[in-house]
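Remarks on the structure that follows.
Since every read-out is calculated from the coordinates, none of them should be taken as a lab result. This one's a predicted model, so the numbers in the text were calculated from it and none came from an experiment. Virtual Cβ from ideal backbone geometry, glycine too; neighbours counted across all protein chains shown.
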Amino acid sequence: MRAQHFTDQVVAIVLLLTAWWGISFLADNALIPSPAVVFNAVVIEWQQERLLPSLSITLQRVIISFLFAMLIGGIIGVLMGQFKLLNRLLDPILIILLNIPALVVIILLYIWFGLVEVAAVAAVIINKLPNVAVTLREGGRMFDHELNEMANIYRFSFYKKVVHLWWPQLFPYVMIATRGGLALIWKIVLVVELLGRSDGVGFQLHLAFQVFDVATILAYSFAFIAIVQLIEWFILQPLDSKASRWQKGNGNV
Amino acid sequence: MFNFNSQGLTLAGQDILSPIQLSFNPGETHCLLGPSGCGKSSLLNQVSGLIGRDDSARWESAKPQIGYLFQQPRLLPWRTVRQNLSLVEPDQASVISMLEQVKLPSIADHYPNELSLGMARRVALARCLLLKPDIILMDEPLTSLDLPTAKEMRVLIKRLVCDHPQRSMLYVTHDLDEALELGDVVSVLGGTPSHIIYSAPTDEVSRIELEALLRY
């Protein structure tokens, strides 16, 4: 089953590369480079020691923004799911934040605080936080009332409730927010870097854009997509698998 | 002995229970009968402190340690049986010993969804006993079990709870035979709002009167 899944993924990637190569061959234009040219651009950026430092800086920004957005948005979301009054108070603010364009937040923070790192990271956090809160609010609403009663009767400490009762119920929602979050955050980080930072993948894209170097633009994009995919394979999927072990049991002993 | 005084129970503006007094003597099993919807489970919830946490219900002396065997086992599905029990009693020797007492020595590392309802109820009973409660509340613990499993569970409850000299139990059931077999005292809840309309030691119970009250 797992081998079949892997084979399907490889087939899909081969098909995509073939279609891409076919289009670039027919277009015969530097603005639509072939996979080989893009791969060559990756090698050049690597050799000139621009690729890894840029990826590293962007990844740092992604991780910091992600952790803050998940932590603050998660706590706000769960509390909104649990307390109706808080939900009524914060819901309009959440809707406003959800509908403010990411670009507006980034520009405003750069204007107010200058082109500094804190403004860049804060802009990403503010853009992602409402999505996390909305997802985790659903998780907070779905807490099993009967298990809460059981935990009260059996005098679970607050720590036990968090670790053994609430966290496992929230986990699927955290994973949804995590996957959506990573995908969204790194895109916003690139915009933030493009507009106001002098390093990172976004800055490199900005330089490549000025000379219409599409191969380099795609090289950086695929390099970062590869990193996100590695996070999915080696961190998220194992976590998912571990947390859902109990669901695999089916039927009586 | 523990004395519980309820001033009644009102939920969502509706009077559910009239004032009720209950005495819990060590080693005594009190079986509570009554038609569906008469407030038996509400009374258990009030005794346990899950609802009506105000001046409407109080214990005369210190509040006892209460164990509650719910109708559904309410085990954490994402934790193994051992982990579920360890949340109440960290000592592993006690956990294994308790699993042996409920005749489930080999399922410690299974998840609840791998157990039958009967087994899950026995694990819930083990969890309840590991708490070492002064008073045990049981809400129709034999419901939905097939006859042999229900009989096995009844024997366990009798051996581990009813025959224990220190444990008091308030046992809610629909089944008159079950109540007469397990109970030292049998009461019937009825009326609107509900109150205890009949109460007698089992050996003084008039079965005819009880059946009439329960509209058999």
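Per the Debye formula with a single identical scatterer at each Cα and no solvent contribution, what log10 I(q)/I(0) holds for region B:64-111 at q = 0.20, 0.25, 0.31, 0.33 Å⁻¹?
Evaluating at q = 0.20, 0.25, 0.31, 0.33 Å⁻¹ gives log10 I(q)/I(0) of -0.72, -1.06, -1.26, -1.27.
With point charges of +1 on the Cβ of Lys and Arg and -1 on the Cβ of Asp and Glu, referenced to the Cα centre of the protein assembly as shown, which listed residue (A:Val38, B:Ala150, A:Ser65) lies farthest in the positive direction of the dipole?
A:Val38
Hey, got the average number of other protein chain Cβ atoms within 10 angstrom for residues in B:73-81?
5
Could you state the per residue volume, in Å³, of the convex hull enclosing the Cα atoms of region A:84-134?
Considering the Cα atoms of region A:84-134, their hull volume per residue is 73 Å³.
Based only on Cα atoms, what mean projected area does the convex hull of region B:1-52 have, in nm²?
The Cα convex hull of region B:1-52, projected and averaged over all directions, gives 3.8 nm².
First measure r as the distance between the Cβ atoms of B:Thr143 and B:Gln21, then evaluate 1/(1 + (r/R0)^6) with R0 = 35 Å and state the FRET efficiency to the nearest 0.05.
Efficiency, from the Cβ-Cβ distance: 0.80.
Viscosity 0.890 mPa s, temperature 25 °C: give me the Stokes-Einstein translational D for the protein assembly as shown in µm²/s, with Rh taken as the Kirkwood radius over C-alpha pairs.
Translational D for this selection: 90 µm²/s.
When only alpha-carbon atoms are used, what values of Rg and Dmax, in angstrom, describe region B:91-216?
Rg, Dmax (Cα atoms, Å): 16.4, 49.
Taking chain A as the reference, fit the longest principal axis to its C-alpha atoms, fit the long axis of helix A:102-113 to the helix C-alpha atoms, and give the angle between the two in degrees, 0 to 90, nearest 10.
90 degrees
Please average, across the residues of A:145-155, the number of beta carbons from any other chain that are within 10 Å of each residue's own beta carbon, and give a whole number.
If you average over the peptide's residues, the count of other-chain Cβ atoms is 6.
Counting only trypsin sites (Lys or Arg not before Pro) that sit in a DSSP loop (anything but H, G, I, E, B) with at most 15 other Cβ atoms within 10 Å, what is the longest stretch of chain B containing none of them?
No qualifying site falls inside B:104-214, the longest such stretch.
Using Cα-Cα distances under 8 Å and only pairs 6 or more residues apart, what relative contact order does chain A have, in percent?
26 percent
Name the helices (complete DSSP H segments) of chain B with a Cα length along the long axis of 18 Å or more and a Kyte-Doolittle mean of at least 0.5, or state none.
The answer, listed by residue number, is B:117-130.
For helix A:84-99, report the angle its Cα long axis makes with the longest principal axis of the Cα atoms of chain A; keep it between 0 and 90° and round to the nearest 10°.
Taking Cα atoms only, the helix is inclined about 10 degrees.
Counting helices only, and only those DSSP H runs with n ≥ 4, report the 222 nm mean residue ellipticity of chain B as the sum of -39,500 (n - 2.57) divided by its residues, in deg cm²/dmol to the nearest 500.
Value at 222 nm, helices only: -8500 deg cm²/dmol.
Using θ = phi - 60° and the Karplus curve 6.51 cos²θ - 1.76 cosθ + 1.60, what whole-Hz ³J(HN,Hα) does each residue of region A:42-49 get, with Gly and Pro shown as x?
Each residue of region A:42-49 in turn: 4, 4, 4, 4, 4, 4, 8, 6 Hz.
Quote the Stokes-Einstein diffusion coefficient, in whole µm² s⁻¹, for region A:153-195, based on the Kirkwood radius over alpha carbon pairs, a temperature of 25 °C and a viscosity of 0.890 mPa s.
Stokes-Einstein gives a translational diffusion coefficient of 193 µm²/s.
Measuring from the lowest to the highest alpha carbon on each principal axis, how far does region A:156-238 reach, largest first, in angstroms?
62, 26, 15
For a quick check: sort A:Tyr159, B:Tyr171, A:Tyr154 by the number of other beta carbons within 10 angstrom, fewest at the front.
A:Tyr159, A:Tyr154, B:Tyr171
So for the protein assembly as shown: antiparallel DSSP bridges make up what percent, rounded to the nearest 5?
50 percent
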